[in-house]
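A.B. asks: I'd like to ask you about the structure that follows.
The values are calculated or read from the model by the stated rules, or taken from the named source; none is laboratory data. Just so you know, these numbers come straight off a predicted model, no measurement behind them. For accessibility, only protein heavy atoms count, side chains too; no ligands or nucleic acids. Shrake-Rupley method; radii C 1.70, N 1.55, O 1.52, S 1.80 Å.
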Amino acid sequence: QVQLVESGGGLVQAGGSLRLSCAASGIDFNRRALAWSRHAPGNERELVASIGSFGDTIYADSVKGRFTISRDNDKKMVYLQMNSLKPEDTGVYYCHTMPRDRASWGQGTQVTVSS
């Protein structure tokens with residue numbers, strides 16, 4: 001059974017930083033691409049960043065230069081380092097497998113950026 005558990009969300013002022021973590025189990029971690037998506041009220045769920053099995057990364061234009069996705073295959077962990085946070089980064093952040101149309105999702109962690 002696939003399980004993805006996010007942590008690290010919280011309330012931060014604009015310009016601040018947060019690091020999200022995702023612990024994975026029940027998957028062949030080293031071979032899977034993983035990603036972070038976010039969902040803000042009134043908006044569609046947005047793919048924020050993904051990382052392939054070889055460490056190749058893709059970022060949404062809205063977070064390029066501010067967010068960094070990484071993985072630790074030994075620990076089966078995926079991270080999202082978020083710097084220079086903006087109020088528009090507010091939302092529930094989900095860790096999930098790729099591709100999205102067949103993804104397994106975590107329960108999400110709330111990120112709130114105050115202005």
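A.B. asks: If the elastic network links every pair of Cα atoms under 10 Å, which of ASP89, ASP101, ASP72 fluctuates the most in the Gaussian network model of the chain?
C.D. replies: Fluctuation is largest for ASP101.
A.B. asks: Just from the alpha-carbon atoms, what are the Rg and Dmax of the chain in angstroms?
C.D. replies: Computed over the Cα atoms of the chain, radius of gyration and Dmax are 13.2, 40 Å.
A.B. asks: LYS76: which aspartates and glutamates have alpha carbons under 12 Å from its alpha carbon, excluding same-chain residues fewer than 8 sequence positions away?
C.D. replies: LYS76 reaches ASP28.
A.B. asks: Could I ask something else about it? In the calculated pair distance distribution of segment 24-82, what percentage of Cα-Cα distances lie above 16 Å?
C.D. replies: Details: 757 of 1711 pairs.
It works out to 44 percent of all Cα pairs.
A.B. asks: Sticking with this structure for a sec: On a straight-distance basis, which lysines could pair with LYS64 in a cross-link, Cα separation under 18 angstrom, same-chain partners fewer than 8 positions away excluded?
C.D. replies: Those lysines meeting the cut-off are LYS86.
A.B. asks: Which percent of the accessible heavy-atom area of the chain goes to carbon and sulfur, probe 1.4 angstrom? Don't skip to the end; give the middle numbers.
C.D. replies: Values: 2820 of 6130 Å².
Using a 1.4 Å probe with all protein chains present, the chain comes out at 46 percent carbon and sulfur.
A.B. asks: Can you tell me the accessible area per residue over the chain, all protein chains present, probe 1.4 angstrom, in square angstrom? If you can, show how the numbers build up before the last one.
C.D. replies: On the way: 6130 Å² over 115 residues.
Accessible area per residue: 53 Å².
A.B. asks: Follow-up question, since we're still on this one. Show me, for segment 103-109, the HN-Hα J-couplings you get by feeding each phi into the Karplus relation (A = 6.51, B = -1.76, C = 1.60, θ = phi - 60°), rounded to Hz, glycine and proline as x.
C.D. replies: 7, 9, 10, x, 7, x, 9
A.B. asks: Let me ask something else. Could you work out the mean projected area of the convex hull around the alpha carbons of segment 1-40, in square nanometres to one decimal? Don't skip to the answer; put the middle values down first.
C.D. replies: Numbers: hull surface 15.4 nm².
Averaging across all directions leaves 3.9 nm² for the Cα convex hull.
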